[in-house]
Amino acid sequence: MLPAMTLKRMDNVSIVVEDLAAAIAFFTELGMELEGKTTVEGHWVDRIVGLENVRSDIAMMRTPDRHNRLELTRFHTPPATRLEPKDAPVNTLGIRRIMFAVEDIDDVVARLRTHGAELIGEVVRYEDLYRLCYIRGPEGIMVALAEELR
């Protein structure tokens, strides 16, 4: 007998940023689509996130297959805080990166570099299956790219 299902899907991942426009441009260049933007504030937001006097802008980005979304959030009040350096290494505790499957890793890296992205290591080949790399985008956001070779 299977247990009762409690999880329907993963709805989105949220990334807090200071420069919302730069983050939108970066993820648009990667191939995501801006689904919408809004500002949220008020008592209901305060109660959900456990902060007071919240006012934030949110941009929802969607993957081309329409299965996954990324929520980019810029807090006006209270101001965002940084607990770790922008260039935290990949072995720092917490959520470190988001991985995207791409068609041409070299092309994607070149296009993202125009938005300030930098390779963390190098593009490597994993057996005859993938070419992989980690890049750091705006505000230190770490993204992994995977190009399937078969």
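Readers should treat all values here as calculations from the given coordinates under stated rules, not as data from a laboratory. Remember, predicted model here, so these are calculated numbers, not experimental data. Positions of Cβ are backbone-derived with ideal geometry, glycine not excepted, and every protein chain shown enters the neighbour counts.
Computed values, structure above
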quantity	calculated
Between the range 118-132 and the range 63-98, the Cα center-to-center distance that results, in Å	22 Å
For Arg55, residues with placed amide H under 5 Å, excluding near neighbours	His76, Thr77
Per-residue ³J(HN,Hα) for the range 130-143, Karplus 6.51 cos²θ - 1.76 cosθ + 1.60, θ = phi - 60°, Hz, x for Gly and Pro	9, 10, 9, 7, 10, 10, 10, x, x, 6, x, 4, 9, 10
Difference of contour (0.36 nm per residue) and Cα-Cα distance, Glu29 to Leu83	16.7 nm
Of the GluC sites (Glu not before Pro) in the range 56-150, those whose Cβ has at most 14 other Cβ within 10 Å and which sit in DSSP loop	Glu103, Glu122, Glu127
Cα long-axis angle, helix 20-30 against the chain (0 to 90 degrees, to the nearest 10)	30 degrees
Least to most buried among Leu149, Leu2 (fewest other Cβ within 10 Å first)	Leu2, Leu149
Least to most buried among Tyr126, Tyr134 (fewest other Cβ within 10 Å first)	Tyr126, Tyr134
Zone residues, the range 120-141, relative to Asn91, backbone N less than 20 Å from point 7 Å out along Cα-to-Cβ	120-124, 133-136
Loop-located GluC sites (Glu not before Pro) in the range 19-69, at most 12 other Cβ atoms within 10 Å (DSSP)	Glu52
Dimensionless Rg ratio for the chain, taking C-alpha atoms and the 2.2 N^0.38 Å reference	1.16
Value of [θ]222 nm, deg cm²/dmol, for the chain, DSSP H segments ≥ 4, -39500 (n - 2.57) each, nearest 500	-5000 deg cm²/dmol
Computed lengthening from Ala146 to Val45, 0.36 nm per intervening residue step minus Cα-Cα distance	32.8 nm
Sparse-neighbourhood loop sites, trypsin sites (Lys or Arg not before Pro) in the range 35-72 - DSSP loop, at most 14 other Cβ within 10 angstrom	Arg66
